[in-house]
Amino acid sequence: MGVVVLKPQFRNRAHKALARARDQMASGNLRYAALELRMAIEALTYDRALAYERELPAEARTKWQPRQVMDALLEIDPHAGTSYRVSIGKEPALGVAPENMTDLGEDVVFGLSEIKRHYHALGSYLHMPSMQQASEAAVVDETRMRERIEATAEAVSKSLASKIWNFTISPTYTFNCLRCGHPVHKRVADQVDQIVAHCPECKAPHVNTLQEDGEVIWRARWEEFPCPTENCGGKHCKFPDELVPGLSWTCSDCDRSYYLVLGTLPYTAPPTAESAT
């Protein structure tokens, strides 16, 4: 019997964090309300990331700051942080726009602009005053603080009230990484060539070529260099991140082995006025 791994219910966690924030606001504990709202925003961002889970780079999964996660999503899909509305309808014929459309609702995405506007603003209430602020006996404007917190709670609530969420649609190419074999999924806006796609597991770059018949071929985007052996026509290909000191390889043409070392050139002092004469 297999083990079923459930995805984290980040949207549910965001709802709970928002509810706790409202309770703290009602009790006058604004600082704790700000903390709960930040957690709600984090949960919303992680929930959005689940829509791009197959394409998400491995290192992006370790990020906890919403802006870092959203930046990774925007590299995958420039529209990942944009709100959208979904409507469906039956085409009377292939390619003919439907006469009647059914509105399924709007997904109000808590995108990068909202993160910048709300998440970072709340952070100022969660830190000890600096030495200068303490020496100047700076007083926190609680009225302004409450207004900021209420505005953030409203923005989070609006996003959570969406009837649909995490709906994405775009042409996607799928192929196996030519280095580690991990599936690579690349979203594209149109059929064009020379698109770079990185493996989410090992980061190996690939580039596509669009054939005349419409077929797309993906090739490794690596560096090609000749064998150092004199009169040997062997050629070698390595990914850019593999070209580091200590790399070893054996030429299949001349059977000689080589190591990549970090070379230096002798320093020659520039001529002075006296030496020039």
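Take the residues in region 193-235 that are surrounded by 12 or more Cβ atoms within 10 Å (Cβ to Cβ) and small (Gly, Ala, Ser); name whichever of them is farthest from the chain's Cα centre (by Cα).
This residue is GLY234.
Among the residues of region 50-69, is any over 13 Å from the mean Cα position of the chain (by Cα) and within 18 Å of SER113 (Cβ to Cβ)?
No, the conditions are met nowhere in region 50-69.
Look at region 162-180 and say how many of its residues are open to solvent by 40 Å² or more (accessible area, probe 1.4 Å), assigned to a loop (DSSP other than H, G, I, E, B) and farther than 30 Å from ARG13 by Cα.
So the answer is 4.
Can you find a residue in region 88-107 that is part of a helix (DSSP H, G or I) and modelled with pLDDT of 90 or more?
no
For TYR84, all conditions in the list (1) in contact with a helix residue (DSSP H, G or I) (Cβ under 9 Å, 6 or more places away or on another chain); (2) open to solvent by 20 Å² or more (accessible area, probe 1.4 Å) hold save one; what is the number of the exception?
Among (1) in contact with a helix residue (DSSP H, G or I) (Cβ under 9 Å, 6 or more places away or on another chain); (2) open to solvent by 20 Å² or more (accessible area, probe 1.4 Å), TYR84 violates only (1).
SER159 versus (1) exposed (fewer than 13 other Cβ atoms within 10 Å of the Cβ); (2) of a type in the set (Ser, Thr, Tyr); (3) under 25 Å from ASP103 (Cβ atoms): which is the lone unmet condition?
Going through (1) exposed (fewer than 13 other Cβ atoms within 10 Å of the Cβ); (2) of a type in the set (Ser, Thr, Tyr); (3) under 25 Å from ASP103 (Cβ atoms) one by one, SER159 breaks only (1).
For the list (1) part of a loop (DSSP other than H, G, I, E, B); (2) out of contact with any strand residue (DSSP E or B) (no Cβ under 8 Å at 6 or more places or on another chain); (3) among the hydrophobic types (A, V, I, L, M, F, W, C), I need the number of the one condition that ALA155 fails.
Looking at each condition in turn, ALA155 falls short on (1).
Six or more apart or on different chains, Cβ atoms under 9 Å: show the pairs whose first residue is in region 232-255 and part of a strand (DSSP E or B) and whose second is open to solvent by 60 Å² or more (accessible area, probe 1.4 Å) and among the polar types (S, T, N, Q).
HIS236/SER252; SER248/SER257; TRP249/SER257; THR250/SER257
Could you figure out which of (1) in contact with a helix residue (DSSP H, G or I) (Cβ under 9 Å, 6 or more places away or on another chain); (2) within 23 Å of PRO57 (Cα to Cα); (3) modelled with pLDDT of 90 or more isn't true of SER113?
The one condition SER113 does not meet is (1).
Here are ALA26, ALA60: which of them is in contact with a helix residue (DSSP H, G or I) (Cβ under 6 Å, 6 or more places away or on another chain), among the hydrophobic types (A, V, I, L, M, F, W, C), more than 17 Å from ALA121 (Cβ to Cβ) and without any contact (Cβ under 8 Å) to a residue 40 or more places away in the chain?
Details: ALA26 fails: in contact with a helix residue (DSSP H, G or I) (Cβ under 6 Å, 6 or more places away or on another chain).
Going through ALA26, ALA60 in turn, the sole match is ALA60.
Restrict the check to region 111-133 and report whether at least one residue is of a type outside the set (Asp, Glu), part of a loop (DSSP other than H, G, I, E, B), surrounded by 11 or more Cβ atoms within 10 Å (Cβ to Cβ) and under 17 Å from the mean Cα position of the chain (by Cα). Give the steps one after another, and end with the answer.
First, pick out the residues of region 111-133 that are of a type outside the set (Asp, Glu): 111-113, 115-133.
Now restrict to residues that are part of a loop (DSSP other than H, G, I, E, B): 111, 124-130.
The next check asks that each one be surrounded by 11 or more Cβ atoms within 10 Å (Cβ to Cβ); those that pass are 111, 124-126, 129.
Of the ones still in play, those that are also under 17 Å from the mean Cα position of the chain (by Cα) are 111.
There is at least one residue in region 111-133 that is of a type outside the set (Asp, Glu), part of a loop (DSSP other than H, G, I, E, B), surrounded by 11 or more Cβ atoms within 10 Å (Cβ to Cβ) and under 17 Å from the mean Cα position of the chain (by Cα).
The values are calculated or read from the model by the stated rules, or taken from the named source; none is laboratory data. None of these values were measured; they are calculated from a predicted model. Every residue, glycine as well, gets a Cβ built from its backbone with ideal geometry; the counts of neighbours run over all protein chains shown. Keep in mind that these areas ignore ligands, DNA and RNA; they rest on the heavy atoms of the full protein, side chains included. Shrake-Rupley method; radii C 1.70, N 1.55, O 1.52, S 1.80 Å.
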